[in-house]
Structures are given as structure tokens and as C-alpha cells.
Amino acid sequence: MSGYLKYVWRPVTGGRHAFPIAAKKTPPDEQVQAYCGAKAPASELHDRSEVDWVRERSCMKCWRHLADKGS
């Protein structure tokens, strides 16, 4: 198994979703897509607070996708 991150969880509007790690380098004015298909502005992947993490639920579609891949 690689020591490098392959995905990142972020609390964006509508839930805490998993995104490919490359999404963190997407320009803020572009859209990124979570593993479940949810889309969000790339700007929402940055500067999230701990309160954001607490308030948003984990997306179970993203969770299952990653669990099925063994990631």
C-alpha cells in the first residue's frame, strides 16, 4: 500500500464527502466531484472549521465506494 493520500474527506455544503486528492489542487472557481457524484465548488474544500466537521454527516455513498475499493 502506498504511503501517499489517495482521497480526502471534506465537509462541503450538503455533507462530508470523499474527493480524489487531486481535487485539493483544483482552482477555487471550478467544480470538483466526490466519489458519490456530488459536486461542489473547489473553494469549499479549503478552510473548513471543526464545527463544519461536526455539523455535516458522512456521505455513506462515498464511504461504501471507498470501502469497496479497499482504499
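Quick notes on this one:
- Carbon plus sulfur fraction of accessible area for the chain, probe 1.4 Å, in percent: 52 percent
- Extension reserve of the residue 31-residue 4 stretch, reckoned as 0.36 nm per residue once the Cα distance is removed: 7.4 nm
- When all alpha carbon pairs of the chain are counted in 10 Å bins from zero, the resulting P(r) reads 21, 53, 25, 1 %.
- Per residue, the chain exposes 71 Å² of solvent-accessible protein surface, assessed with a 1.4 angstrom probe and all protein chains in place.
- Helix-derived mean residue ellipticity, 222 nm - over the chain, DSSP H n ≥ 4, -39500 (n - 2.57), to 500: -6000 deg cm²/dmol
The values are calculated or read from the model by the stated rules, or taken from the named source; none is laboratory data. Just so it is clear, the structure is predicted and the values come from calculations on it, not from any experiment. Just the protein is used for accessible areas: all its heavy atoms, side chains included, with ligands, DNA and RNA removed. Shrake-Rupley method; radii C 1.70, N 1.55, O 1.52, S 1.80 Å.
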